Amino acid sequence: LVTQFYAVWTEAQLESHKRAAKIVSRIAQDAIRLAGSRADSDPATEFEIQQWIMQRFADNNLNTIHEMIVAVGPNAANPHYEPTALNSATIKRGDILLVDLFARESDGIFADQTWMASLGTPSARDAKVWEAVSGARIAAEDFLRTNIRAGKLVSGGEVDDVSRTYIEERGFGKYFIHRTGHSIDARDLHGAGPHIDNFETREQRKLLPGVGFSIEPGVYITGEVGMRSEVNAYVGVDDVVITPDDFQRDLLVV
């Protein structure tokens, strides 16, 4: 009942989400390019980039609920890290940069994305981590798409299993320490509908048409590096909508 009557989006809300997703995507990529352009001569701090993002949200009439995650290297290995004016690392050449940002139009549906970049050529290890998290996200998307197009309903737990197995097969399973995704509904960024989870809880609720959620597998190697690849998904009657349209395919090198 919660899924069907509380968590579903209207068509107008879906369109609002798509509009927000485009803007959030553009801001994320611009923020990464800004950090890269300053890496050698005038390195920015995580907090500076975070505040730049917040101002861009305001400039585009988007609302959010708290500060964004901008994290480099070991800081990115903490999934809930948040830079502050007094606790913020410098973003310099050689770093891996994680930008997690989320915003919505007034009374709209949140767009929640995580973008990853390397300031310079990534190491072989970092390239393998990126392949694991991005591949796990794509595997989850493909599983959803195949089943929804075939008229088969799946649970959030089943989707979590797909992405988690992908990461485990590449040797990073013990570093994937959270669920694959969370519900996004009209009331909350972390909504009340089905989560993509068979790790923190056993989510058996079906992903009914009209529900939306994040898909965000991650690998977090304490003291070294963290990476996450995040898009949002909306279940239609016979297909799945993935946002943003220009979702991240490759690790950005700036």
For residue 127 paired with residue 84, estimate the spin-label separation in nm (one decimal), with each label point 7 Å from Cα along the Cα-to-Cβ line. 3.9
Below 8 Å, C-alpha to C-alpha, sequence gap of six or more: please give me the relative contact order for the stretch 146-254 in percent. 25
Given contacts defined as C-alpha pairs under 8 Å and at least six residues apart, what's the relative contact order of the chain, whole-number percent? 24
Counting DSSP beta bridges with both ends in the chain, the antiparallel % (nearest 5): 95
Using r as the Cβ-Cβ distance of residue 224 and residue 22, and R0 as 25 Å, what FRET efficiency do you calculate, to the nearest 0.05? 0.15
Rounded to a whole number, what is D in µm²/s for the chain from Stokes-Einstein with the Kirkwood radius over alpha-carbon pairs (10 °C, 1.306 mPa s)? 88
So, relative contact order of the stretch 1-117 in percent, Cα under 8 Å, 6 or more apart, is 33
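A short reminder: the numbers here are calculations on the coordinates, not readings from a lab. No experiment lies behind these values; they were computed from the predicted model shown. Here Cβ is always computed from backbone atoms with ideal geometry, including for glycine, and neighbour counts include all displayed protein chains.
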